[in-house]
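One structure below.
The values are calculated or read from the model by the stated rules, or taken from the named source; none is laboratory data. Remember, predicted model here, so these are calculated numbers, not experimental data. Virtual Cβ from ideal backbone geometry, glycine too; neighbours counted across all protein chains shown. To get the accessible areas, we keep the full protein, side chains included, count just its heavy atoms, and leave off ligands, DNA and RNA. Shrake-Rupley method; radii C 1.70, N 1.55, O 1.52, S 1.80 Å.
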Protein chains: 6
Amino acid sequence: MENHKRYETGADVMDQLFSQETQTYMQHIKEISPDFWDMIVSFGFGDLYGRTNLTLHQREYITLTALITQGAFDQLRVHIIASLKIGMTQQEIIEIIIQCVGYIGFPKAVHAMGIAGEIFKSLDAESTKA
Amino acid sequence: MENHKRYETGADVMDQLFSQETQTYMQHIKEISPDFWDMIVSFGFGDLYGRTNLTLHQREYITLTALITQGAFDQLRVHIIASLKIGMTQQEIIEIIIQCVGYIGFPKAVHAMGIAGEIFKSLDAESTKA
Amino acid sequence: MENHKRYETGADVMDQLFSQETQTYMQHIKEISPDFWDMIVSFGFGDLYGRTNLTLHQREYITLTALITQGAFDQLRVHIIASLKIGMTQQEIIEIIIQCVGYIGFPKAVHAMGIAGEIFKSLDAESTKA
Amino acid sequence: MENHKRYETGADVMDQLFSQETQTYMQHIKEISPDFWDMIVSFGFGDLYGRTNLTLHQREYITLTALITQGAFDQLRVHIIASLKIGMTQQEIIEIIIQCVGYIGFPKAVHAMGIAGEIFKSLDAESTKA
Amino acid sequence: MENHKRYETGADVMDQLFSQETQTYMQHIKEISPDFWDMIVSFGFGDLYGRTNLTLHQREYITLTALITQGAFDQLRVHIIASLKIGMTQQEIIEIIIQCVGYIGFPKAVHAMGIAGEIFKSLDAESTKA
Amino acid sequence: MENHKRYETGADVMDQLFSQETQTYMQHIKEISPDFWDMIVSFGFGDLYGRTNLTLHQREYITLTALITQGAFDQLRVHIIASLKIGMTQQEIIEIIIQCVGYIGFPKAVHAMGIAGEIFKSLDAESTKA
């Protein structure tokens, strides 16, 4: 695979996962370091998410768990929204957090559940308005 | 659910995940603290794994990722073998580790891959002998 | 022990540790996932805190240390307040943080000390007013 | 406090916590870096453990928890033995590990319990022989 | 070295690293626990930073990396500003974060890069005004 | 940069850092997953270490610190040997570990110092024989 293909694959995955609004926000990283941005897109989303052996849905199981386990709650917020966008249900996300509790304890799981709850509430409010 | 049901559910899940040999080994914990052992079975495997919204296969995606992310490599070994026992493929386990690398970096992923490789080699050797 | 007893034991421990106001706040978790809430009460506070071999006071030594060590500062805030409620002194909490510094380094200890300081100041202000 | 007093205080604490054999082993650090060794004794055991507001027994509650929470199992072994030496019971150590499980999950708690079990067995064997 | 010399050495290092404003802020710790403050100055900045074998510049490579790796982002903010004060370039700080990504993954590196970007922007705005 | 160039750059960096023997050992990863191996070489050593703004020597300051901070002691061993190979002195490595202690506490620093000491002793023995 040539190098510009890696970037294109990554950009395509990002379009599936993130709203235009989220992607615009992410680009503040590009202004600080274009090289780092290129790594995020080409390596993170191109080389990793762009692989074919797992679905995006399966990959988000892994991503959500890795983020909860290390307490990376800012990115968790972004990936809970992404997971819902690609068709994960609210119940599935709750189950992932519950399964985690045996491996990481309650503090991080409670924090994650609080974030999930906020997102669910705000999305439900939006869809009720519509 | 009454309390002895929680234990039975957990014991049943453990039968699906772990060989008799592994379960016998685990019981050294029971000798040190029967109460702690009861928590592992009733809460860990009964209350958590015993829930119905995800398959065991999906739960092991979460477990493997949580173990790799925190570097709990002894338990990872046990759960890679368990994951293969319930039908996960070697390729799926490799993909889980590869997906993790973007979220946790190479050191833990390389360590996990080394453990997976050892297990695969030893199981392949056994099945060739058979 | 039957299952509803586990919940009752946990609820009783929570009454000892947390003000009514804190408990009301915690219940946002119950709305997101009643099952997860049940685990917090029955397992976390019932099965663990409800055991008789250590006092609540001794258990909070362990809880505070586990929270500081993993940087779970939201829960730390809740448990510093709980520790004071069950009779731990401000000096004891400061000593726990100081003892931690050799095992976890300054960044998390400084963060914990800042949180403790805020809580002490706000409680001292209240008691002066009263 | 003058500086040589800090070292003496630390050395005195170490005599209370560690057998002569353990202290001799620890000194391999002194050969690699005498300055680092001095920090361990003067700061770690002198400035921290040497403080008067908590007992050594209470300090070991904190130390054991901090070590279990970060998965520092080599040092955990040393401090479980130290804790028994200053009068902590086997049951207390088991309770500390059990209390931790709610805050850190099972993998590290199981690992810690296995180490505790080995130590208890080896000490019980010794005392039976005697 | 006598004990008051340790404090003086630490205070001198802090003058090199931190603006008067930052140092004044840090002193809220001194009000909570003068003993803990003394440890920060005498041990943290005196015994450690005050050693002669590495430059402050080299020590900040280590500090920044240790803070990014453990996700101690409040202290990272303070030490990015300190690093710029002692002559590290913005490009060097970006390179440290990029080098980290292979060892810790993207979530913490992205968070660190965001903080660095904010600091750079605010300093550039100030220097433009001047 | 085309893609095969990324791999070549990475392979060239690895030749500078690691002995032929170490590189041969590392290749067990290639047998388990050639794709993962390609990421290690092309991304880890090509895209990251292959950048020009820092020297390899400076990059190893970051690598050693990131490995010590997360307790990745297997990889630490490999990178201490690599750091000596590219001209870092034993004293520098000791200083890096000592600087870390303020940020991560003693347990991981003591573990790292023990590993460094073993490597120094074994290399000194070799060079005495020669």
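Tabulated data
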read-out: Matching option when the condition is among the acidic types (Asp, Glu) and touching a residue at least 24 places away in the same chain (Cβ under 8 Å), among D:Glu60, D:Glu31; value: D:Glu60
read-out: Selection count where residues are among the charged types (D, E, K, R), within 17 Å of B:Lys30 (Cα to Cα) and exposed (fewer than 15 other Cβ atoms within 10 Å of the Cβ), scope the stretch D:83-128; value: 2
read-out: Pairs with Cβ under 8 Å, 6+ apart, first in the stretch C:114-130 and free of Cβ contacts under 8 Å to residues at least 40 places away in the same chain and in the same structural domain as C:Ile81 (by TED's automatic domain parsing), second among the charged types (D, E, K, R) and open to solvent by 70 Å² or more (accessible area, probe 1.4 Å); value: C:Gly117/E:Glu31
read-out: Any hit, the stretch C:61-69, residues being within 14 Å of the chain's Cα centre (by Cα), at pLDDT 95 or above and away from chain A (no Cβ under 14 Å); value: yes
read-out: Options C:Gln20, C:Gln27, C:Gln16, C:Gln58: the member that is open to solvent by 40 Å² or more (accessible area, probe 1.4 Å), within 29 Å of C:Ile104 (Cα to Cα) and either in contact with a strand residue (DSSP E or B) (Cβ under 7 Å, 6 or more places away or on another chain) or more than 11 Å from chain A (Cβ to nearest Cβ) (or both); value: C:Gln58
read-out: Checklist (1) more than 14 Å from the chain's Cα centre (by Cα); (2) not assigned by TED's automatic domain parsing to the domain that holds F:Glu8 applied to F:Ser33, failing item; value: (2)
read-out: Of all residues making up the stretch F:78-104, the number that are small (Gly, Ala, Ser) and within 12 Å of chain E (Cβ to nearest Cβ); value: 1
read-out: Scope the stretch B:69-113; condition touching a residue at least 12 places away in the same chain (Cβ under 8 Å) and not in a helix (DSSP H, G or I); matching residues; value: B:Gly71, B:Ile86, B:Gly87, B:Met88
read-out: Filter result for E:Phe73 (among the aromatic types (Phe, Trp, Tyr), at pLDDT 95 or above and under 16 Å from E:Gly117 (Cα atoms)); value: yes
read-out: Filter result for F:Leu64 (outside any helix (DSSP H, G or I) and in contact with a helix residue (DSSP H, G or I) (Cβ under 7 Å, 6 or more places away or on another chain)); value: no
read-out: Residue under evaluation D:Gln16, criteria (1) in contact (Cβ under 8 Å) with a residue 40 or more places away in the chain; (2) not in a helix (DSSP H, G or I), criterion not met; value: (2)
read-out: Residue satisfying all of: in the stretch D:30-55; small (Gly, Ala, Ser) and facing another protein chain (nearest Cβ under 9 Å); nearest to D:Ala116 (Cα to Cα) among these; value: D:Gly44
read-out: Checklist (1) open to solvent by 30 Å² or more (accessible area, probe 1.4 Å); (2) β-branched (Val, Ile, Thr); (3) assigned by TED's automatic domain parsing to the domain that holds D:Glu8; (4) within 14 Å of the chain's Cα centre (by Cα) applied to D:Val78, failing item; value: (3)
